Amino acid sequence: PNDPEVFVTHEWDITKAQEYLKRKQKESGLGLTITHLVGYCAGHALKDEPDLNGRICFGNYYPKDKVGISYLISCESGRDLGIYKVEDADKKEIEDFYKELNAGSKKLRSNKDTDHKKRGLSLSIFPTFLIEPLLFIIGYIAGAMGISMKLFGLRDNAFGTCVITSVGMLGYEHAFVPLPPYSNVPLIVTIGTIVKKPLVVENEIKIRDVINITLTLDHRYTDGARAAKVYQKFIKYLDDPVTVSYTHLRAHETVLDLVCRLLLEKKKKKKKKKK
């Protein structure tokens, strides 16, 4: 009765997503993957839902002014797990999202992330029975109260609004990942492995590449009706990523900002063509 977790699963036909990624890879020369696309779509789906983009501290809800999407990063050949947050995820195009996440992942895997090293060092000096309560206290101060714990390598709002994790690389089709108490995030998105399944497409049975997407939601943040709106928007973006367009108004952006940004984009494209 005290568990606020709600689990939702979705069988995602990735046909359009694969086409979108191939086109974007060709245009940008970047190694864009399904994992980048999921975080990119989640960021844009969350930007218009203030109930999920916030933190709960001592029973009170406080909205955040940024949408942060965090990724769990496998380090040291799977012996360690790091986290990297893409800030302002709702304002980034997928190419920028990729570049920031890729740079952060490289920093973690090359052991150059000072916060990650501090976290590992600070936990290693405490006895095992103290680690769980310590994580809860530090996580609450940083995540719920919004106070950085730099000594322990934990910044305020370190996990952002949503955490992305992939079990597909381990060969699992799906998994129900619990909300870590110390993360203080309202949403976790888990990505499964690619499998071929028969689906009904335009009244015909076709074999398609499918990924199971599992969402873990903290029900304290919002009710089912509002959560369903975010879920539907997220699935819409996954099913057809082209609809996540930079021609839409971004969070905190005015119409004038939009026009200026589109003109700059057009100018950049002309320069690329000339080169």
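Quick notes on this one:
- Helix-derived mean residue ellipticity, 222 nm - over the chain, DSSP H n ≥ 4, -39500 (n - 2.57), to 500: -12000 deg cm²/dmol
- Apportionment of accessible area to carbon and sulfur, the chain, percent (1.4 Å): 57 percent
- Tilt relative to the chain, helix 15-28 - C-alpha long axis, 0 to 90 degrees, to 10: 90 degrees
- Between residue 93 and residue 118, the contour length at 0.36 nm per residue exceeds the alpha carbon distance by 5.9 nm.
- Under the shape rule built on the C-alpha gyration tensor, where the axes satisfy a ≥ b ≥ c, the stretch 24-173 is oblate, since a/c reaches at least 1.5 while a/b does not exceed b/c.
- Once the Cα-Cα distance is subtracted from the 0.36 nm per residue extended length, the residue 265 to residue 195 segment shows a gain of 21.5 nm.
- A crude spin-label estimate for the pair residue 58 and residue 176, with each label 7 Å from Cα along the Cβ direction, gives 3.5 nm.
- Remark: the residue 51-residue 2 segment gains 15.6 nm on full extension, using 0.36 nm per residue and subtracting the alpha carbon distance.
- Note on residue 125/residue 205: beta-carbon distance plugged into 1/(1 + (r/R0)^6) with R0 of 45 Å gives a FRET efficiency of 0.15.
- FRET efficiency, residue 137 to residue 239 (Cβ-Cβ, R0 51 Å, nearest 0.05): 0.80
- Crossing angle, helix 224-239 versus the chain [Cα axis fit, 0-90 degrees, rounded to tens]: 50 degrees
- Out-of-range pairs (alpha-carbon distance over 31 Å; input 229/266; 64/229; 106/206; 16/266; 107/266): 229/266; 106/206; 107/266
- Highest to lowest packing among 235-244, 71-80, scored as the average C-beta count within 10 Å: 235-244, 71-80
- Rounded to the nearest 20 debye, the dipole size of the chain about its Cα centre is 1780 debye, using +1 on the Cβ of Lys and Arg and -1 on the Cβ of Asp and Glu.
The values are calculated or read from the model by the stated rules, or taken from the named source; none is laboratory data. Not measured: the values here are computed from a predicted model. We place every Cβ from the backbone using ideal geometry, glycine too, and count neighbours over all the protein chains shown. These area figures cover heavy atoms from the full protein model, side chains too; ligands, DNA and RNA do not enter into them. Shrake-Rupley method; radii C 1.70, N 1.55, O 1.52, S 1.80 Å.
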